[in-house]
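In what follows, a single structure is set out as structure tokens and then discussed.
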Amino acid sequence: MSGLEIVTGPTIEPISRIEAREQLRLDDDIDDSQVRSYITASRIWAENYTGRALINTTFAQHLDGYVDNTPEPYWEGTKTGPSLIKNISEIEIAKAPVVSVTDVKYYKDDNTEHTWAASNYYVDIYGDVGKIVLRDNGTFPSDIRASNGIKVTFVAGYGATPNSVPEPIRMAMMQYMSFMYEHRGDDEGRKISLSPIIPTLINPYKVTRFGATPYNKMIRSGIG
């Protein structure tokens, strides 16, 4: 399997308590704990929808794989991790926008942890999809365990303050909060669609990832 975990979450939300209360036109009997829940839920929705982190967050990306110079063997079931096969040169980072890569660890079959030397790679943070790119003379770690053999620790986000988050994303979050509040308690089972203004605001920020095929240069992370 491969997965993504939050190591250090955001220290602030993209929308303030005052902004949320004004957006929702809340009565005084609605306490701040409920307001914070709406803010957090709208941020998580926006991050999942776009594939981005909004406020700087530290993640650990765990990847399955092995290094081999032979054609890919048969895999039982659905293969969600990367296949570290010949001719690869990149690892896609699972969240955008990437600020930095802290380190890359790899684990041998006896579970011993090792650091992949940074001299083997450089980090491309300028595209929508950040990448760890193998240098011309670099090599990927070998003899790693098949499950969660690589861990990439990285920071992603627009910055450390709400003002660093693009305003259309913040506006989409506030519209989403209004949607949740207006439809709270709805349990009739009927489908309720989001306002068209929400995707209009946020779709330009949605990260598109394309699955890689065997023997090309990409490592398939199976995330996003």
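The values are calculated or read from the model by the stated rules, or taken from the named source; none is laboratory data. Fair warning: this is a prediction, and the values are worked out from it, not measured in the lab. Neighbour counts run over all protein chains shown; Cβ positions are idealised from the backbone, glycine included. Just so you know, the surface numbers come from the protein's heavy atoms only, side chains and all, with ligands and any DNA or RNA stripped out. Shrake-Rupley method; radii C 1.70, N 1.55, O 1.52, S 1.80 Å.
Below is a table of values for the structure above.
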| quantity | calculated |
| --- | --- |
| Inter-probe distance in nm under a simple model that places probes 7 Å from Cα toward Cβ, at Met180 and Ile6 | 1.2 nm |
| Accessible area of Thr8 in the full protein assembly, 1.4 Å probe (Å², nearest 10) | 70 Å² |
| Alpha-carbon centroid distance for the pair segment 33-58 / segment 191-207, whole angstrom | 15 Å |
| Heavy atoms of Arg52 accessible to a 1.4 Å probe, total area in Å² rounded to 10 | 20 Å² |
| Net charge, Ile55 excluded, C-beta distance under 13 Å - Lys, Arg +1, Asp, Glu -1 | +2 |
| Heavy atoms of Ile192: accessible area, 1.4 Å probe, square angstrom to 10 | 50 Å² |
| Gained length - Ser147 relative to Ala160, 0.36 nm times residue gap less alpha-carbon distance | 1.3 nm |
| Where labels lie 7 Å past Cα in the beta-carbon direction, separation of Lys191 and Glu113 in nm | 4.6 nm |
| Backbone HN-Hα couplings from phi across segment 120-133 [Karplus 6.51/-1.76/1.60, Hz, Gly and Pro as x] | 7, 8, 10, 10, 9, 9, 8, x, 4, 9, x, 9, 9, 10 |
